[in-house]
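Here's the structure we're looking at; comments come further down.
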Amino acid sequence: MASPANANMNAVRETMDVLLEISRLLNTGLDMESLSICVRLCEQGINPEALSSVIKELRRASDSLKASENGTSQG
Amino acid sequence: MAHWSRFEKELELETRRLISHYTSIQDEEDQNFQMALKFAWSNFKFHHFLDANRHNVQRSINGIHEKLMVHSDLSKAESWLRLTEEFLSSPLPNTEGTKTEVHYSVLALLLHLSDSPSNTNYCERPRLKETEKEDTFDWAKYLMEGEDIDTGPFPDTPEWSEDESEEEDSQQPLSREDSGIQVDRTPQEDHEQNDKTVQVTWTGCFQDSYLHLHSNLYNVWDQHLYNTGPLYLPEEKSFVTETQVIRETLWLFSGVKKLFIFQHNDGKVTVRNDVVVTHLTNNCLHSVLEHIAAYGQAVTRLQKFIDEVTGHSAEPCPPGLNSSSSSSSKKSSDPPFRTYQAFVWALYKYFTSFKEELNTIEKDIIAKDETVTLSSVLERLSPHLAQITMLHRVFCTGVADVPPGTPNVLRASHLLNTLYKAIIEYDSVGEASEQSVALLFSLWVETVRPYLEIVDEWIVHGHLFDPAKEFIIQRNKDVPVNHRDFWYATYTLYSVSETVESEERLSDAASGSSGGEQASSSRQHTMVSFLKPVLKQIIMAGKSMQLLKNLDCKETEQPDDAERKSLYTLFLESVQTRLRHGEDSPTNTVTEQQATKKSLIKMQSIVARHLELDDIHDPLHNFISLLYLEQNDFHEKFSGSNVILDRSSESVTCQTFELTLRSCLYPHIERRYIECCGNLMRTLKKDYRLLGYLQAMRNYFLLEAGDTMYDFYTAIFDKVLEKESWQQLAFLNVQLQEAVGQRHPEDSSRLSIFLETIDPARKKQPVNNLDGLTLSYKVPWPVDIVISSECQKIYNQVFLLLLQIKWAKYSLDTLRFSDLTVAAKRQEGGQSEESTAKEPINQQIHRMFLLRVKLMHFVNSLHNYIMTRILHSTGLEFQHQVQEAKDLDQLIKIHYRYLSTIHDRCLLREKVSFVKEAIMKVLNLVLIFSDRWQAGFGAWKIESIDKMESDFKNCHMFLVTILNKAVCRGSFPHLESLALSLMAGFEQC
């Protein structure tokens, strides 16, 4: 059960848990899935600031998309 | 280059994920998606941001900490610092080492995304909780808990609200805060709804990990899923123990609705998705639970039906069961539908035993003397579960599938038929389904009870009491008992065609007399099949009894009601004795005698128990009380009598179910039928002089009272002879009264004669003069069922024929030879010369004499044939049959047959009308002949004698040929005598 791969996997899982807590504490609104995507993107060298602006923009666009679908006029 | 492209691909993949995650657009070809992708891609590639700086990040972390401290959010500040530290020193999925640039860039990302990090008040509580939760994970505590599990007793013993008080003693207090067990948060709304209300104490606790030292298959499997799937995200689960699952299962089966694992929506039972036990994988547990839920649903459905019928449902308008809801909702106004009630009563008894079994299991669990596992419980319940499946199937086809608005009679007969068919179906399987047959049989025996009681009441008291209109025979309200049509039109037999299931109203089929039998054989009735063989007897007995009741007969041997056993009791007793001596009957000497014997004895115990139940009350009282039971009483009766039926031990083969019925039920009905009908026949014959009236009909219509009728018809004939008008009603009636009053004064008031105006075109022949003369005999009420007006019509036809023959005979008989001879002598003296040219007068007269004798021979043969060969001998046969007749219907049939026989043999049938015409011609000839004879010699010419002779010869020959042919064929043996005598007359010509 305690193979190195597993140990690593568990450690990573713990890291992600910690990260999720931080994210919650900071009220970033990221859930586990988006957090894991973000971590992988960061690992691939994406600029965190750029990423954050993309995420914000995506949130905003998706919100307005939904709002327009619902027929309400929201910026 | 290759590396670059792969890197790019991965990057693009992640970007796509990110976009689809946020925009929730699944279609990657979507225009919006492509736009978002382009936007993200260009931002990632062509941005003007600086790389993440670890100093800046660290400064921000410290800043936030400071800010939290300033806000005196100490615990959070501490968590923040510790969490970030922990994160920085933890490994990342694809990055070597700790505190790398990646770590900082991730933190930087979070910081950028953080929404007002300073405004800690805003979402302080959730964060606090989350962090605390993370912090308090405690191995020591977990290990202690492991110890607790072994030592601690049941933490989750719920409270049983009512009749489970004995469990209260064994209930043990909560010994710990079981992880996964919390105080029930769902409100207990409907305590009064169920018999048992349990408090489910393990609802709604979700814990990310519940670990057990040994039983950890779930965790191992979960771990495996973690390892194999990098994106596996743990779902929130609520952990329960197997004991909890078992107890919920037991409760589900005992009809509890508010459960945690099993959820009821709209009559369906579903399994909660997030329930797990530690030692089973999710899928495994669910497949078992789904199985249980299916049974639970069947139980709930049946339970609901029971509630509805007993009027105990808490829901005002139960969904799903529309068919029976109508019966329950209208209960206050409608009379109770007893067949359903009886069925429910039987179901209820079954469920009582089933719940007892559940209770024993639950007690075993509480006692903890042995290990109880879910599979062992299911194993133990499996015979019950099979039975429940069967019951549910029967219920579905027999009750639930019936469309709403169906009349009760159809529902009742459908239910009984379904049970009956199910028994026969399972019966044919043999040993394999002993239990099922036993259960079905007991259900059937219960359900059939109202029917048998209705039948009993009807054939014993002559009163068809069926307020809910559930019996297949219904009384037609508009026909009073003392009506002539009572026997035919009083009852309606409902029957259902097998294929279309549509109702057919066979009015009059119930009468059974003429059309009933053909009707029942040609149609495939689904009317309660078990009654079919004795249906006729039941109808006969019932109608006879009702008639008898209304006849207020003098000697009625009324069975004492107190001592009399109801049909149902008799039936149960017979079943009992039959099963006791089952091995002796030839039907059971097949195979496995031992097994059958054993099982039969067991089945007998069921019946015995039914009998015990019955013995609580006098059967009749019981019956009446059942009729007037209020809904509450009904329920009290349900819950009050502590009937314990140990059904698990019942193993019955009634391989010979139909034989059982034949030997146990039918004889009682048969006996009752014979008794009733015999009684009725006796009463009719003795008190109502049925035979006397039948004799009177023959006396007057068939002229058996020869002297009386002779007086009557000779008076008419004399008038005709004297050429006076006889067609006056007053004259006819006076003649009739005089004739009858002398010898049969009792009938004189009943007899009267009528003259119908006849189409003058038909009166061309003298013989038709008598047409329109109809005799009428007033038959008093109960006898007019047998001697109906239709019968009188046939009698009248025969009467008319007889009168015509008598007339011909009379007119021939009254001719005097002297009339002719004297006239001839006178003429001889006067005109002797003239006549010498022609035939001598004497020869003419001689020819007349000869013709007269020939005609007399013919008429006398015919007269003899009809009066003796036909009417007398057929009458004797008829009298004999009447003595033998068992029931009124049979009597009516015999009478009809008698009438149609004499009608036939008097050649009145349409088919042989040519024979009758020939005879009529001869009779006509006779009348003309006698007319001329009377007129005296000289009033006719010699040619007319020739014509009369040839006419008679032709008719005579024709008749002889026809009759000879018929006799040679042998189809009409009775015609032989007529043919012979006519032939004899013919040869002498």
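The values are calculated or read from the model by the stated rules, or taken from the named source; none is laboratory data. Worth saying up front: this structure is predicted, and the values here are computed from it rather than measured. Note that each Cβ is placed from the backbone with ideal geometry, even for glycine, and that neighbours are counted across all protein chains shown.
Below are the figures for this structure:
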{"item": "Residues within the stretch B:436-458 that are under 22 Å from B:LYS469 (Cβ atoms) and either at pLDDT below 80 or assigned to a helix (DSSP H, G or I) (or both), tallied", "result": "13"}
{"item": "Some residue of the stretch B:256-266 being buried (at least 17 other Cβ atoms within 10 Å of the Cβ), under 18 Å from B:ASN216 (Cβ atoms) and not charged (D, E, K, R)", "result": "no"}
{"item": "Odd one out for B:LYS886 among (1) surrounded by fewer than 18 Cβ atoms within 10 Å (Cβ to Cβ); (2) part of a helix (DSSP H, G or I)", "result": "(2)"}
{"item": "B:ARG6 being surrounded by 10 or more Cβ atoms within 10 Å (Cβ to Cβ), basic (Lys, Arg) and either in contact with a Lys or Arg (Cβ under 8 Å, 6 or more places away or on another chain) or at the interface with another protein chain (Cβ under 8 Å from one of its Cβ atoms) (or both)", "result": "no"}
{"item": "Condition check for B:SER971: at negative phi, part of a loop (DSSP other than H, G, I, E, B) and either in contact (Cβ under 8 Å) with a residue 60 or more places away in the chain or in the same structural domain as B:LEU907 (by the TED database) (or both)", "result": "yes"}
{"item": "Subset of the stretch B:9-41 (residues that are at the interface with another protein chain (Cβ under 8 Å from one of its Cβ atoms) and among the charged types (D, E, K, R))", "result": "B:GLU10, B:GLU14, B:ARG17"}
{"item": "Residue match in the stretch B:74-88 (condition: at the interface with chain A (Cβ under 7 Å from one of its Cβ atoms), modelled with pLDDT under 85 and within 22 Å of A:GLN44 (Cα to Cα))", "result": "no"}
{"item": "Candidate set from the stretch B:734-783 (those that are acidic (Asp, Glu) and in a helix (DSSP H, G or I)); member that is surrounded by the most Cβ atoms within 10 Å (Cβ to Cβ)", "result": "B:ASP747"}
{"item": "Only listed residue being modelled with pLDDT of 85 or more and buried (at least 20 other Cβ atoms within 10 Å of the Cβ), chosen from B:PHE712, B:PHE731", "result": "B:PHE712"}
{"item": "Within the stretch B:59-74, tally of residues that are without any contact (Cβ under 8 Å) to a residue 24 or more places away in the chain and either surrounded by 15 or more Cβ atoms within 10 Å (Cβ to Cβ) or part of a helix (DSSP H, G or I) (or both)", "result": "8"}
{"item": "Hits in the stretch A:40-52 (condition: at the interface with another protein chain (Cβ under 7 Å from one of its Cβ atoms) and either in a helix (DSSP H, G or I) or small (Gly, Ala, Ser) (or both))", "result": "A:ARG40, A:LEU41, A:CYS42, A:GLU43, A:PRO48, A:GLU49, A:ALA50, A:LEU51, A:SER52"}
{"item": "The stretch B:440-471, subset within 14 Å of B:PRO336 (Cα to Cα) and aliphatic (A, V, I, L, M), residue surrounded by the most Cβ atoms within 10 Å (Cβ to Cβ)", "result": "B:ILE454"}
{"item": "Of residues in the stretch B:905-953 being among the polar types (S, T, N, Q) and farther than 24 Å from B:ASP771 by Cβ, the one surrounded by the fewest Cβ atoms within 10 Å (Cβ to Cβ)", "result": "B:SER950"}
{"item": "Out of B:LEU259, B:LEU250, B:LEU289, sole residue that is in a helix (DSSP H, G or I) and in contact with an Asp or Glu (Cβ under 6 Å, 6 or more places away or on another chain)", "result": "B:LEU250"}
{"item": "Residues that are among the small types (Gly, Ala, Ser) and at pLDDT 75 or above, drawn from the stretch B:757-779", "result": "B:GLY772, B:SER776"}
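Quick grid of which residues meet (1) within 7 Å of another protein chain (Cβ to nearest Cβ); (2) at pLDDT 80 or above; (3) farther than 21 Å from B:GLU10 by Cβ; (4) loosely packed, with under 15 Cβ neighbours inside 10 Å:
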position	(1), (2), (3), (4)
A:MET1	no, no, yes, yes
A:ALA5	no, no, no, yes
A:GLY29	yes, yes, yes, yes
A:CYS38	yes, yes, no, no
A:VAL54	yes, yes, no, no
A:ASN70	no, no, yes, yes
